[in-house]
Structure formats: structure tokens, C-alpha cells
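What follows is a short report on a single structure.
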Amino acid sequence: MKKRFNVLVTRRLHTSALDELKRKCNVSLHIGKIPIPKKNLIDKIKNMDGLVCHPYDTIDKEVIKNSKNLKVISTFSVGFDHIDVNFAKSQGIKIGYTPEVLTNATAELTIGLILDVLRRISEGDRIIRNKKWNQIFGAYDYTGTEVSGKTIGIIGMGRIGREVARKANGLGMNIIYHNRKPISKRIENMLKAKYVSENMLYKNSDIISLHVPYNNDTHHLMNSKIFKKMKKTSFLINTSRGKIVNEKQLVNALMKKEIQGAGMDVYESEPVKRNSPLLKLENVVLAPHVGSSTNETRQKMSDITARNLILALEGKKLLYSV
Ligand code: DGY
């Protein structure tokens with residue numbers, strides 16, 4: 001008889017994915033406070049063969065060391081900065097993740113934030129709800145910035161960066177980018193994107209959009225030095241990871257009008273703290289980390305997360321492995 005593997009799932013997945021897991025494994029689904037408290041995670045993972053986790057679960061050495069049987073960590077995300085990948089791999093543990101299927105959803109949200117902050121859509125929504133429309137009735141009382149014709153500087157030209165470029169083309173924007181190395185000329189031409197140095201990008205962009213993973217090299221990549229180099233009329237968009245931006249210095253730059261505005265989906269601390277100064281700034285649009293959060297995408301992410309886990313437990317090649 002085939003062995004049934006024990007699997008811990010830290011948050012509910014789509015029913016179809018959970019059902020698939022249950023057909024093949026003994027599933028222990030954490031329902032209760034999310035993210036799963038570390039104490040519970042450490043306790044529950046002891047006899048598990050597989051773990052399904054989310055970006056808010058920190059899978060560090062302490063957690064991994066506590067599981068003697070763990071063979072696979074399957075994360076419901078494209079990002080894997082919440083997992084100690086090197087340590088997990090040193091223990092022979094496989095890691096699955098869910099790229100590609102969330103590229104479009106994340107790029108859509110990026111464009112949404114650009115349109116929102118430049119055209120002041122959420123700000124206007126607040127004005128109406130606060131019954132202040134009369135105060136902005138004049139033709140020049142409430143002007144935004146036109147998106148068409150502006151230059152977007154994309155930092156990180158991977159899957160999501162490229163999709164943002166493709167969509168930005170449709171909006172009539174000019175595209176410059178910086179990446180560890182230039183992408184192929186063929187794709188550059190297709191995207192009408194021009195490779196520039198980091199400095200050139202900071203100085204020439206009307207909008208800077210971040211699409212790099214979070215790691216030691218990208219920690220606080222955007223900081224006061226960089227904000228000072230950016231155009232005073234420029235905007236920062238972050239749908240990648242919060243810690244890529246020094247949030248305190250961003251707030252400072254926004255208050256001092258060193259840059260004009262920001263659109264954010266990710267933060268140094270999530271959920272955003274109740275007393276965060278960001279909440280007081282009108283020139284910032286805040287989304288609650290929902291880049292991949294569409295019904296279509298989350299269903300696909302669920303299915304891939306389950307498949308990755310099962311494939312690894314069956315000793316087969318994962319659909320997407322880190
Ligand atoms: C990811 O997949 O990494 C996104 O941030 C969604 O959580």
C-alpha cells in the first residue's frame with residue numbers, strides 16, 4: 001500500500017486544490033488565527049512530510065529544524081523571501097512556488113496604482129465621501145497628471161516587469177528599464193524598452209516601478225539618496241516587496257515634496273500599522289497587498305501549490321521549483 005504523507009496547510013486553499021491534497025495526503029489545515037502563530041507552526045510541523053505556506057509565514061531555520069521528515073515546502077506565492085531557502089535546500093527539502101500565473105494580475109494592479117495616484121482617483125473618492133466636492137469645483141482645483149507620454153522606469157525586467165512594460169505601451173508611455181543585465185534586443189524591441197543605468201533611470205523617470213525580488217541586495221534599494229535623485233514631479237510604485245523601500249525615508253521625501261506621490265501594495269510591516277504616517281498622506285495610494293488577488297489567479301496559484309507539493313512527495317519534478 002502506498003504511504004499517505006502528512007501535510008500541514010497554513011491557510012485555506014481553493015476547494016479543488018485542498019481536495020486534491022486530501023486525496024493523496026493526510027491534511028492538517030490550520031484554521032484559526034492567520035498567519036499561523038510561530039509556536040503552533042513549530043509544534044504542528046514536527047511530523048509533517050510537506051508544508052503548504054504563504055508569504056506571511058516565516059519559514060526560518062528554527063521551523064525547518066523542528067521537522068524531521070519534511071521533504072517539501074510549497075509556497076502559495078511567487079516570492080520566497082519568507083523561506084530560508086539555503087538552509088531548506090541544505091536539508092534536502094524541495095521548494096515549490098507559483099510564478100507566471102500571477103504575472104498579469106500583478107501587472108494589472110501596478111497599472112491600476114499608476115492611474116490611481118497620477119489621476120488622484122482614491123483621493124477624489126475620499127473628497128466625495130467627506131462631502132467636500134464643493135471645495136474642488138474650480139477647473140484647476142483638482143488636476144492630476146496625464147499618464148500618456150510619461151516615462152516609466154522599470155527596475156527589474158523579469159516576467160512582471162515585462163508585462164508592466166507591455167501594458168504601459170498601450171497607455172502611450174515611454175519605457176526605460178534597469179536589470180542585472182539587459183534583456184534580449186528582440187524583447188527590448190517588442191516592448192519598446194530601453195536599457196539604462198540605475199542613475200539614468202532615477203533621473204529620467206516620471207514613474208518608477210519596482211519589480212525585483214527582496215533579498216540582501218535589494219534591501220532599502222529605494223532610500224533618501226535615491227529620492228533626491230528622482231524628479232520632483234515623479235511617482236514611486238511598489239508592488240514587489242515592502243522592504244525594498246525605506247518607508248520612513250519615503251514618507252520624508254513625500255512630505256518634503258522631493259517626489260510627488262506613491263502607489264503601494266506592499267509595506268515594511270503588513271498589515272500597515274495603525275499609526276503609520278502613510279495613512280495621513282493624500283498623495284499616496286495604498287492597496288492591501290493584493291497584487292495576485294483575483295479569483296482567476298488565486299485559483300491557479302492554489303492548484304499549482306497543491307501540484308508542486310504532491311509531485312515533490314511522489315519524487316517527481318515540480319511544476320515550478322525554487
Ligand atoms: C507573491 O506571490 O509573492 C505575492 O506577493 C502574493 O502574496
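The values are calculated or read from the model by the stated rules, or taken from the named source; none is laboratory data. Owing to the predicted nature of the structure, the values given are computational and were not obtained by experimental measurement. With ideal geometry, Cβ positions are generated from the backbone for all residues, glycine too; neighbour counts draw on all protein chains shown. Surface accessibility is based on the protein's heavy atoms, side chains included, excluding ligands, DNA and RNA. Shrake-Rupley method; radii C 1.70, N 1.55, O 1.52, S 1.80 Å.
Share of segment 129-183's accessible area from carbon and sulfur, percent, 1.4 Å?
Carbon-and-sulfur percentage of accessible area, whole number: 48.
Mind checking the per residue accessible area of segment 102-286 for me, 1.4 Å probe, whole number of Å²?
Normalised by residue count, the accessible surface of segment 102-286 is 54 Å².
Enumerate the calculated ³J(HN,Hα) couplings along segment 273-290 in order (Karplus 6.51 cos²θ - 1.76 cosθ + 1.60, θ = phi - 60°), each rounded to whole Hz, writing x wherever the residue is Gly or Pro.
For segment 273-290, the Karplus-derived couplings read 5, 4, 9, 4, x, 4, 5, 8, 8, 6, 8, 10, 9, 10, 10, x, 6, 10 Hz, x marking Gly and Pro.
How long, wide and thick is segment 102-286, going by the Cα atoms along their three principal axes, in whole angstroms, largest first?
Each principal axis gives a Cα extent; for segment 102-286 these are 52, 34, 31 Å.
Let me check I've understood the local charge: for Ile175, count other residues with C-beta under 14 angstrom from its C-beta, Lys and Arg +1, Asp and Glu -1. What total comes out?
+3
Which angle from 0 to 90°, rounded to the nearest 10, does the C-alpha axis of helix 15-24 make with the longest principal axis of the chain?
Helix 15-24 and the main axis of the chain meet at about 20 degrees.
Can you give the helix-only mean residue ellipticity at 222 nm for the chain, where every DSSP H stretch with n ≥ 4 adds -39500 (n - 2.57) and the sum goes over all residues, rounded to the nearest 500 deg cm²/dmol?
-10000 deg cm²/dmol
Which ³J(HN,Hα) values, rounded to whole Hz and listed in residue order, are derived for segment 199-213 from phi using the Karplus coefficients 6.51, -1.76 and 1.60 in 6.51 cos²θ - 1.76 cosθ + 1.60 with θ = phi - 60°, glycine and proline given as x?
Per residue, the Karplus-derived 3J(HN,Hα) values read 4, 4, 5, 4, 6, 9, 8, 8, 9, 10, 10, 9, 9, 10, x Hz.
Express the carbon and sulfur contribution to the solvent-accessible surface of segment 204-280 as a percent, rounded to the nearest whole number, probe 1.4 angstrom.
The computed percentage sits at 52.
If you filter segment 169-257 for trypsin sites (Lys or Arg not before Pro), then keep DSSP loop positions with at most 12 other Cβ within 10 Å, what is left?
Arg180, Lys232, Lys256, Lys257
Angle check, please: helix 159-170 long axis (alpha carbons) against the longest principal axis of the chain (alpha carbons), in degrees 0 to 90, nearest 10.
Value to nearest ten degrees: 30.
Once amide H atoms are built 1.01 Å from N in the peptide plane, which residues 5 or more positions from Val285, or in another chain, come under 5 Å H to H?
Under 5 Å from the amide H of Val285 lie the amide H atoms of Ala262, Gly263, Met264, each far enough along the sequence or on another chain.
Quick one: with all protein chains in place, what share of the accessible area of segment 1-85 is carbon or sulfur, to the nearest percent (1.4 Å probe)?
54
What's the local net charge at Asp125, with K and R +1, D and E -1, over the other residues with C-beta under 14 Å away?
Local charge sum for Asp125: +3.
Starting from a Cα-only point model with no solvent, please compute log10 I(q)/I(0) by Debye for the chain at q = 0.06, 0.09 1/Å.
-0.24, -0.53
Just the number please: accessible area per residue for segment 21-83, 1.4 Å probe, all protein chains included, in Å².
Per residue, segment 21-83 has an accessible area of 49 Å².
Comparing Leu254, Leu118, Leu279, which has the greatest mean-square fluctuation in the GNM of the chain with Cα pairs linked when under 10 Å apart?
Leu279
Below 25 Å, Cα to Cα, which lysines can Lys300 reach? Residues fewer than 8 away in the same chain don't count.
Lys22, Lys24, Lys33, Lys71, Lys94, Lys167, Lys316, Lys317
Report, to the nearest 10°, how far helix 103-119 tilts away from the longest principal axis of the Cα atoms in the chain, using its own Cα long axis and a range of 0 to 90°.
Tilt of helix 103-119: around 30 degrees.
Suppose R0 equals 56 Å. What FRET efficiency, 1/(1 + (r/R0)^6) with r the Cβ-Cβ distance, do Glu198 and Asp19 give to the nearest 0.05?
0.75
Give me the one-decimal nm value for the distance between modelled label points at Lys228 and Glu146, 7 Å along each residue's Cα-to-Cβ direction.
That separation, rounded to one decimal, is 3.4 nm.
Would you grab the residues whose amide H sits under 5 Å from the one on Asn6? Only those 5+ places off in sequence or on another chain, please, with H modelled 1.01 Å from N.
Here the answer is Asn26, Asp49, Gly50, since their amide H atoms fall under 5 Å of that of Asn6.
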